[in-house]
1. Quickly run through region 99-129 and pick out the residues that are assigned to a loop (DSSP other than H, G, I, E, B), out of contact with any Ser or Thr (no Cβ under 8 Å at 6 or more places or on another chain) and of a type in the set (A, V, I, L, M, F, W, C).
2. Within region 83-95, can one find any residue that is within 16 Å of the ligand (Cβ to nearest atom) and under 14 Å from the mean Cα position of the chain (by Cα)?
3. Can you find, within region 51-78, the residue that is farthest from the chain's Cα centre (by Cα) among those that are among the polar types (S, T, N, Q) and surrounded by 15 or more Cβ atoms within 10 Å (Cβ to Cβ)?
4. What residue, among those in region 127-139 that are open to solvent by 50 Å² or more (accessible area, probe 1.4 Å) and near the ligand (Cβ under 6 Å from one of its atoms), is nearest to Phe66 (Cα to Cα)?
5. Any idea which of Ala43, Ala24 is surrounded by 14 or more Cβ atoms within 10 Å (Cβ to Cβ), within 12 Å of the ligand (Cβ to nearest atom), modelled with pLDDT of 95 or more and more than 23 Å from Asn129 (Cβ to Cβ)?
6. With the checklist (1) among the β-branched types (Val, Ile, Thr); (2) under 19 Å from Gly44 (Cα atoms); (3) within 12 Å of the ligand (Cβ to nearest atom); (4) open to solvent by 10 Å² or more (accessible area, probe 1.4 Å) in hand, flag the one item Val153 doesn't pass.
7. Only one of Ala132, Ala87, Ala79 is assigned to a strand (DSSP E or B) and either modelled with pLDDT under 90 or under 20 Å from Phe42 (Cβ atoms) (or both); which?
8. With open to solvent by less than 70 Å² (accessible area, probe 1.4 Å) and farther than 24 Å from Asp131 by Cβ as the only criterion, which of Asp48, Asp106, Asp31 stands out?
Amino acid sequence: MEILKQRILQEGVVLSDQVLKLDALLNHQVDPMLTMEMGREFAGRFADAGVTRVVTVESSGIAVAFATAYEMKVPLVFARRKKTLLADPDALCERVPSFTKGIVTDIMLSRQFISPDDKVLFIDDIIANGDAARGLIKIIQRSGAELVGLGVVVEKSFQAGARTIREQGIRLESLVRIMSLNEGKIVFDE
Ligand code: 5GP
């Protein structure tokens, strides 16, 4: 997505060789027009997959997942980061390490909003090592729903997450691939 590359070059801030701050576009502020375009792009790529639900993890995935679900005219379900230790017998839970926060969080999705009849498209903001994505993929698999694929806005292809998920046979589509952040420079993978 050329327009997204331009915006990332203009508004992204390279924090280190590993981390790109995208607060202006994805993680703090959201541009509704650009986000709707991302949603149209994902909806187009997965148009023939028979998607019945779009799923993401709160919070940064929600805007683009909403845009995708809106285009596909299906519900959006977001996994919640669990803030309570109270057991919910109806919930599917996974523990995932957070790349940016350096902590472990529990994510949960109620069985009320995902069923074995569903064909699920998982949308997320950024994939790095893939821990967050693997957590939600496990939840989707345990629900009995079919995972038709994963759409991520930014794939950092110098980290292993996207590759290992594709190696599992899961279709993963990204809108931009970044192959390096070395020396403060954003280099896209064409
Ligand atoms: P993973 O679990 O794939 O290692 O990391 C995924 C999550 O960590 C993403 O959903 C995103 O919120 C955050 N993350 C990973 N790398 C970056 C990065 O370079 N920049 C930002 N802003 N967030 C990142």
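1. Across region 99-129, the qualifying residues are Phe99, Ile103, Ala128.
2. No: region 83-95 contains no residue that is within 16 Å of the ligand (Cβ to nearest atom) and under 14 Å from the mean Cα position of the chain (by Cα).
3. Pass one, region 51-78, residues among the polar types (S, T, N, Q): 52, 56, 59-60, 68.
Going one step further and asking which of them are surrounded by 15 or more Cβ atoms within 10 Å (Cβ to Cβ), we end up with 52, 56, 60, 68.
Values: Thr52: 17, Thr56: 6, Ser60: 8, Thr68: 12 Å.
Within region 51-78, the match that is farthest from the chain's Cα centre (by Cα) is Thr52.
4. Narrowing region 127-139 to residues open to solvent by 50 Å² or more (accessible area, probe 1.4 Å): 129, 131, 134, 138.
Next, only the ones that are near the ligand (Cβ under 6 Å from one of its atoms) stay: 129, 131.
On the way: Asn129: 24, Asp131: 22 Å.
This residue is Asp131.
5. Sole residue among the options that is surrounded by 14 or more Cβ atoms within 10 Å (Cβ to Cβ), within 12 Å of the ligand (Cβ to nearest atom), modelled with pLDDT of 95 or more and more than 23 Å from Asn129 (Cβ to Cβ): Ala24.
6. Going through the list (1) among the β-branched types (Val, Ile, Thr); (2) under 19 Å from Gly44 (Cα atoms); (3) within 12 Å of the ligand (Cβ to nearest atom); (4) open to solvent by 10 Å² or more (accessible area, probe 1.4 Å), Val153 breaks only (4).
7. On the way: Ala132 fails: assigned to a strand (DSSP E or B); Ala87 fails: assigned to a strand (DSSP E or B).
It is Ala79.
8. Of Asp48, Asp106, Asp31, the one residue that is open to solvent by less than 70 Å² (accessible area, probe 1.4 Å) and farther than 24 Å from Asp131 by Cβ is Asp31.
The values are calculated or read from the model by the stated rules, or taken from the named source; none is laboratory data. Computed from a predicted structure; not experimentally measured. So basically every Cβ, Gly included, is an ideal-geometry build from the backbone, and we count neighbours across all protein chains shown. Surface areas here come from the heavy atoms of the whole protein model, side chains and all, with no ligands, DNA or RNA. Shrake-Rupley method; radii C 1.70, N 1.55, O 1.52, S 1.80 Å.
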